[in-house]
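Novice: Take this structure, written in structure tokens, and hold onto it; I'll ask about it next.
The values are calculated or read from the model by the stated rules, or taken from the named source; none is laboratory data. From a predicted model like this one, the values you see are computed outputs, not experimental measurements. Heads up, the Cβs are rebuilt from the backbone with ideal geometry, glycines too, and the neighbour counts pull from every protein chain shown.
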There are 2 protein chains.
Amino acid sequence: MSIDDKVRAIVKEFKAYVPGKSKEEIARNYGIDPEKIIKLGSNENPWGCSPKIAEKLMDEVSKLHQYPQPINPELMDEISKFTKMPVENIIVGGDGADEVIDNIMRILIDEGDEVIIPIPTFTQYAISAKIHGANIKWAKFDEENEFKLDIESVLNNITEKTKAIFLCTPNNPTGNVIPTEDIKKIVESTDALVMIDHAYIEYSNEDYDLTDWALKYDNVLVLRTFSKVFGLAGQRVGYGVTSKKIVDYMMRIKPIFSLTRASQASAITALQDKEFFEKCLNEGIESREEIYNGLKKFKQLEVYPTEANYMLVKVKNGMNSSEFCEVLLKKGVIVRDCYSFEGLEPYYFRVSIGTFDENERFLKIMSEVVE
Amino acid sequence: MSIDDKVRAIVKEFKAYVPGKSKEEIARNYGIDPEKIIKLGSNENPWGCSPKIAEKLMDEVSKLHQYPQPINPELMDEISKFTKMPVENIIVGGDGADEVIDNIMRILIDEGDEVIIPIPTFTQYAISAKIHGANIKWAKFDEENEFKLDIESVLNNITEKTKAIFLCTPNNPTGNVIPTEDIKKIVESTDALVMIDHAYIEYSNEDYDLTDWALKYDNVLVLRTFSKVFGLAGQRVGYGVTSKKIVDYMMRIKPIFSLTRASQASAITALQDKEFFEKCLNEGIESREEIYNGLKKFKQLEVYPTEANYMLVKVKNGMNSSEFCEVLLKKGVIVRDCYSFEGLEPYYFRVSIGTFDENERFLKIMSEVVE
């Protein structure tokens, strides 16, 4: 016997993790000045975070030796005001929305339970479900039909063992939303938890925001994040809005100190700086139109409609997405190769909104490499 | 059926989490000026964190909108220099050492596996083990014998199902270390993973540091943290040092972005500011002597020897620890009521080192309340 024999079989099936590309890594690997790299690969907010956060962090430095408050009343209050949801229906995660996803899997999944995931979608759902022992039932966003959710592929998979259904809307990486009536049909057809991932909802039509369904249904959890329009991906703050009883179950096993003091301070300031938020949202939507229209002009690309801060693009110049993304990387442009998304042909990449200057440089480089 | 029927049985057994006391909470609840509160409850470094961290955080603010590097080469390099361990034997956690503990349980535990935990000790081990489905086999630090580890109570519990053994040394909350030869005997008697928790090792005798056992044995993981002498409890950075193969298994399922940008920047600076580290360590040990000697004088208290930045104290004035700690709280002093530690009579509290000024005020308040 050795320590290897003590490790769980499922862990042995997982591949060693290959981290995505950061500016720092590209700069090191290709010898490019980090200032010249255009990072449009991770759906971040290119205008950064609120400039008021600097000052708030300085106030916090004298307290970094103290454990964080597990529940920060000021942060809870600001999230409550922003979402118009009661504090007791909110749970904040310290590894962005990923912690909330993991927590949901942890309270629900015993070995052999089932989880339904329509693909292509955010890959973290399947990773978290599998490691907790779930069997994944794949449903689909229909590639033939502009990636509309195939609702029957979800409904037909529901069994007594179904513990959760993940619906990402706007969906990552396709950018489209799932029609409200389809989500309603799914929620009302099961007692399983329906996770509505609204990470990108701010960029979508306001009427479409389903966060208040957390109060209407027992079995809905809406996922929100500070990683996108609030410009805080580096600080890892996400939250779930759901029924009080789900909050209560999740709080029993939550990693209780996982949200750092600096992250709490950053998130509070981000919510209070409404002017910066509006700027990022409005310019973000404008930037999205700019890239969308710019890419539309290339005959060898197909660009998909989007309500998020990124869009899906199909490469039709004979290269697969990995070859294409590698060409861009060498020119200092990071987009997301969608090769690793289950349920997608290997010809797609995802591009995030940039600043207007970044967009211009990006579109110029594209014109050099597409044909 | 309802969503309650979908929740795992083990989660229903867990109690709703009651957070420990923060300065902010005590200030709110008792109407005390936060500046006057003496917090000696959480084994934090009362001198704070390196003053150089402020400047480093300002550099980082412009990058907070970007996802963190999953592995920060500068941080890995600094930890490697500090521990004299190779980079490939180190795994850093984004929720302090708690994430490393959770990761270890996650790679090892299938439902019904066994974990050995001598008590009283850090409560997080049992929480993390149970939620992953482990059966806990309790061993003991012997209350009758100044909390020396009862090594037979560990060895007798080892079976084929044993997946991990937790050895906290210096032990929290008792403050004493486990003799090296006892740890050796345990490590060599099993293939199960032996987790040596060295969260407080900097405050102990340098010769006692067993971090390099991670290279000598396949089945050892040494846990270290930035939450104590480095003064960064609020930033949640911990790490494990272990065999390459354990690092590889853990990396497969690690929450990959969990360490925030601000936390990475803080930890790097903390390691580089050797002068501040030395000051905190030397004054910390001096402070420990001061409190120890001060408390020794009270006949109604029993104080236990310690090699950490806290000490265990038994109350013998007729009050139980909760009553006693409540009296202190009202006077603005936070110590840790050890009531919730499995394996301890309800007469113990734990007190952390303070600044010399805090110690003086603490000992004065103690003289008012002990008799």
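Novice: Which of the residues belonging to the range B:337-358 are in contact with a Leu (Cβ under 9 Å, 6 or more places away or on another chain) and either modelled with pLDDT under 95 or not in a strand (DSSP E or B) (or both)? Full working, then the answer.
Specialist: Residues of the range B:337-358 that are in contact with a Leu (Cβ under 9 Å, 6 or more places away or on another chain), as a first pass: B:338, B:344, B:348-354, B:358.
Within the range B:337-358, B:CYS338, B:LEU344, B:ILE353, B:GLY354, B:GLU358 meet the criteria.
Novice: Let me ask something else about it. Between residues in the range B:198-211 that are over 10 Å from B:ARG224 (Cβ atoms) and residues that are of a type outside the set (Val, Ile, Thr) and assigned to a helix (DSSP H, G or I), which pairs lie under 8 Å by C-beta distance while being six or more apart or on different chains?
Specialist: B:TYR203/B:LEU281; B:TYR203/B:GLY284; B:TYR203/B:ARG288
Novice: While we're here: Tally up the residues in the range B:133-146 that are surrounded by fewer than 23 Cβ atoms within 10 Å (Cβ to Cβ) and assigned to a loop (DSSP other than H, G, I, E, B), please.
Specialist: Total satisfying the criteria: 2.
Novice: Okay, moving on. What number of residues within the range A:232-275 are of a type in the set (A, V, I, L, M), buried (at least 24 other Cβ atoms within 10 Å of the Cβ) and modelled with pLDDT under 95?
Specialist: 0
Novice: Follow-up question, since we're still on this one. In the range A:147-157, how many residues are of a type in the set (S, T, N, Q) and either crowded, with 16+ Cβ neighbours inside 10 Å or part of a helix (DSSP H, G or I) (or both)? Explain how you work it out, then say what you get.
Specialist: Here is the first cut: in the range A:147-157, the residues of a type in the set (S, T, N, Q) are A:153, A:156-157.
Then drop every residue that is not either crowded, with 16+ Cβ neighbours inside 10 Å or part of a helix (DSSP H, G or I) (or both), which leaves A:153, A:157.
Number satisfying all stated conditions: 2.
Novice: Are there any pairs, at least 6 apart or on different chains, whose C-beta atoms fall under 6 Å, with the first in the range B:86-107 and more than 18 Å from A:SER263 (Cβ to Cβ) and the second at pLDDT below 95 and of a type in the set (Gly, Ala, Ser), and if so, which?
Specialist: Close Cβ pairs satisfying both conditions: B:VAL100/B:GLY93.
Conditions (1) within 26 Å of A:PRO34 (Cα to Cα); (2) in contact (Cβ under 8 Å) with a residue 60 or more places away in the chain, marked per residue:
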{"site": "A:LEU281", "(1), (2)": "yes, yes"}
{"site": "A:GLY294", "(1), (2)": "yes, yes"}
{"site": "A:PHE298", "(1), (2)": "no, yes"}
{"site": "A:VAL303", "(1), (2)": "no, no"}
{"site": "A:LEU328", "(1), (2)": "yes, no"}
{"site": "A:ILE353", "(1), (2)": "yes, yes"}
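Novice: Something else now. Taking the range A:361-371 as the search range and keeping residues that are farther than 19 Å from A:ILE32 by Cα and surrounded by fewer than 16 Cβ atoms within 10 Å (Cβ to Cβ), which one is modelled with the highest pLDDT?
Specialist: This residue is A:SER367.
Novice: Right, another one. Which one of these is over 20 Å from the mean Cα position of the chain (by Cα), modelled with pLDDT under 95, farther than 19 Å from A:THR121 by Cα and among the polar types (S, T, N, Q): A:ASN293, A:ASN317? So that I can check it myself, show each step before the final result.
Specialist: Values: A:ASN293 fails: modelled with pLDDT under 95.
Exactly one residue qualifies, and that residue is A:ASN317.
Novice: Name every residue in the range B:329-364 that is more than 18 Å from B:LYS296 (Cα to Cα) and hydrophobic (A, V, I, L, M, F, W, C), in order of residue number.
Specialist: Across the range B:329-364, the qualifying residues are B:LEU329, B:VAL333, B:ILE334, B:CYS338, B:PHE341, B:LEU344.
Novice: Just one of (1) without any contact (Cβ under 8 Å) to a residue 60 or more places away in the chain; (2) among the basic types (Lys, Arg); (3) within 30 Å of A:GLY96 (Cα to Cα) trips up B:LYS228, so point out which.
Specialist: The number of the failed condition is (1).
Novice: Among the residues of the range A:308-328, are any part of a helix (DSSP H, G or I), in contact with a helix residue (DSSP H, G or I) (Cβ under 9 Å, 6 or more places away or on another chain) and β-branched (Val, Ile, Thr)?
Specialist: Kept after step one, since they are part of a helix (DSSP H, G or I), are these residues of the range A:308-328: A:321-328.
Going one step further and asking which of them are in contact with a helix residue (DSSP H, G or I) (Cβ under 9 Å, 6 or more places away or on another chain), we end up with A:321-322, A:324-325, A:327-328.
Next, from what is left, pick out any that are β-branched (Val, Ile, Thr): A:327.
Scanning the range A:308-328 turns up at least one residue that is part of a helix (DSSP H, G or I), in contact with a helix residue (DSSP H, G or I) (Cβ under 9 Å, 6 or more places away or on another chain) and β-branched (Val, Ile, Thr).
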